[in-house]
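Taking it in order: structure first as structure tokens, then the write-up.
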Ligand code: CA
């Protein structure tokens, strides 16, 4: 099997070397950039399967870079693992709202980093049996392309947002707890606050526009995707 390619964008050389070392040891291919500009050009020419992105770069803010990657169709779907020295929850939420798929605060253990990277990569390879597009309430949800469409438009979601929607759509009207949603979306168990799920729901509703109302909050229980005849 071909090695999975991971792009690391980080201006601190020793952290860059450390991340790269541990990923190489796990059998991944790595490419590295020490600035946002360099990272952007590498992502377009090298097409990595995962991007590890530092929050603070000399020429760019990780959040802005993240937005840029999400708005470009060529790079919109690549999973982004944000790495930052900031540890406040508001920053994490900001990162996830901007389109990062996961978040890691410095200092981190290399083991945790590798586990998160693997989880993100695993999420990309959905088994064949789960690749059939789902038709729910006027929406077509296609796991093989991560596409969400209705008769008129298509909706661009991050990998994590797509996974949440696809999970709920497999059992329309069924109420799932935040915990179940987190479990379904994450490959490895680690701490994710309920707030993270709430934030994902807010951005999903926004992105799905008129269909956003299909995502219902069930007080004290969780969330569901409402089934309506279309
Ligand atoms: Ca930095």
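The values are calculated or read from the model by the stated rules, or taken from the named source; none is laboratory data. This structure is a prediction, so every number in the text was calculated from the model and none was measured. Ideal geometry is used to build each Cβ from the backbone, glycine not excepted, and the neighbour counts take in all protein chains shown.
Results, tabulated for the structure shown:
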| item | result |
| --- | --- |
| In the range 41-76, residue farthest from residue 103 (Cα to Cα) [restricted to those that are at pLDDT 90 or above and within 16 Å of the ligand (Cβ to nearest atom)] | 51 |
| Any chance residue 150 is surrounded by fewer than 20 Cβ atoms within 10 Å (Cβ to Cβ), touching a residue at least 12 places away in the same chain (Cβ under 8 Å) and not assigned by TED's automatic domain parsing to the domain that holds residue 94 | yes |
| Selection from the range 12-25 of residues that are more than 12 Å from the ligand (Cβ to nearest atom), more than 16 Å from residue 84 (Cβ to Cβ) and surrounded by fewer than 18 Cβ atoms within 10 Å (Cβ to Cβ) | 17, 21, 22, 24, 25 |
| Any chance residue 8 is buried (at least 21 other Cβ atoms within 10 Å of the Cβ) and within 23 Å of residue 162 (Cβ to Cβ) | no |
| Residue satisfying all of: in the range 124-144; surrounded by 11 or more Cβ atoms within 10 Å (Cβ to Cβ) and out of contact with any strand residue (DSSP E or B) (no Cβ under 9 Å at 6 or more places or on another chain); modelled with the lowest pLDDT among these | 126 |
